[in-house]
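What follows is a single structure, written as structure tokens, with notes after it.
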Amino acid sequence: MNWTPDSKILVQGITEPIGVHYTLKMKDYGTNIVAGVSAGQGGTKLSDIPIFDLVEEARSALGEIDFSLIFVPSYAALDAVSEAIAAGIRQIILATAGVPPLDMVRLLKKVRETDTLLLGPGNAGIIIPEKFFLGISEPQFFTPGKVGIISRTDSLIYEVALELTQAKLGQSIAVSLGSEGIIASDFQHWLGILAQDKTTQAIVLLGQAIASQEKATVEYIKSAIAKPVVVYLAGTHTPVNLPLGDSAAIIATQLTQTPEGSRISDRQLSTFEKAKIPLAKRPSQIPSLVKKLLKKK
């Protein structure tokens, strides 16, 4: 990773209510937001941040841009990401939730063809403590350190960060992947990034009991990750036929659920246990498991 406090950030949909709120919050944290984009608002400013009508105009005025953070309505997400890619931006965080599945399929094709890193949709973003945060996270729970967190549950990431912080285990980075049915970046992708990150010495993976890529994730950890990995699966005590998650996960699961139910947590737990990858039974166990594994290194 080469993300620094000087990384240049563009916000698309900056005048949307959620865009205004989190842009000001990110700026207060020290995130280097260099411009915003909002059609019809070109030439105005938000707290001294210049606003352009088009991404291309911002790119021409400000030069290379490292990240675009997108808050546009869901029906406009495909166009917004495509516009950022066309302007040469190769790291994009799509905070917008509820992107139509067919639009996501088209976006996945675009990001593969252009070697673009797309995170989301419907995710809380990225935090590198005391460097920058991008998205809708709550940065007060995070402190600098050596533990990387990758999560598919937005609210749980704050609790785990706080548990680690209270145990004097700071975080190198915290990444929210999003909890929708189709996401652009998965666990394997970010495990690979953190495996190469010199600051990260251990990884905490926060999954969901309704997810279904555990076998591929386990195989990737076994074959490619030399750093300690601790896993926690939210919702493993959920009754059969009553899957839990955030609102998007509940809706997505219920729409695709078979009549006999879709709980697969028992199979997930067994897969991780057979691979001897440490599983926390509750979030409060995560710090002790991380410390134990770091001592073995």
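The values are calculated or read from the model by the stated rules, or taken from the named source; none is laboratory data. Bear in mind the structure is a predicted one, so any value in this text is a computation, not a measurement. Backbone-built Cβ (ideal geometry, glycine too); neighbour counts: all protein chains shown. Surface areas here come from the heavy atoms of the whole protein model, side chains and all, with no ligands, DNA or RNA. Shrake-Rupley method; radii C 1.70, N 1.55, O 1.52, S 1.80 Å.
Here are the numbers:
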{"quantity": "Carbon and sulfur %, accessible surface of the chain computed with the full protein complex present, 1.4 Å", "calculated": "53"}
{"quantity": "Candidates Ile149, Ile85, Ile173: whichever shows maximal mean-square fluctuation once the chain is modelled as a Gaussian network with Cα springs under 10 Å", "calculated": "Ile85"}
{"quantity": "Three principal axis lengths of the range 162-221 [C-alpha, angstrom, descending]", "calculated": "34, 24, 19"}
{"quantity": "Distant-in-sequence amide H partners of Glu16 (H built 1.01 Å from N, under 5 Å)", "calculated": "none"}
{"quantity": "Angle between the chain longest axis and helix 154-166 axis [Cα atoms, degrees, rounded to 10]", "calculated": "70"}
{"quantity": "Accessible area per residue, Å², the chain with all protein chains present, probe 1.4 Å", "calculated": "46"}
{"quantity": "Eligible aspartates and glutamates near Lys274 by straight Cα distance, threshold 18 Å, same-chain separation 8 or greater", "calculated": "Glu214, Glu219, Asp266"}
{"quantity": "Candidate lysines for bridging to Lys109, where Cα separation is under 30 Å - those fewer than 8 sequence places away on the same chain excluded", "calculated": "Lys8, Lys215, Lys222"}
{"quantity": "For the chain, alpha-carbon Rg and Dmax in angstrom", "calculated": "19.1, 59"}
{"quantity": "Unit charges on C-beta of K, R, D, E only; dipole of the range 21-169, Debye", "calculated": "300"}
{"quantity": "Highest-fluctuation residue, Ala95, Ala216, Ala280 considered, GNM on the chain with Cα pairs under 10 Å", "calculated": "Ala216"}
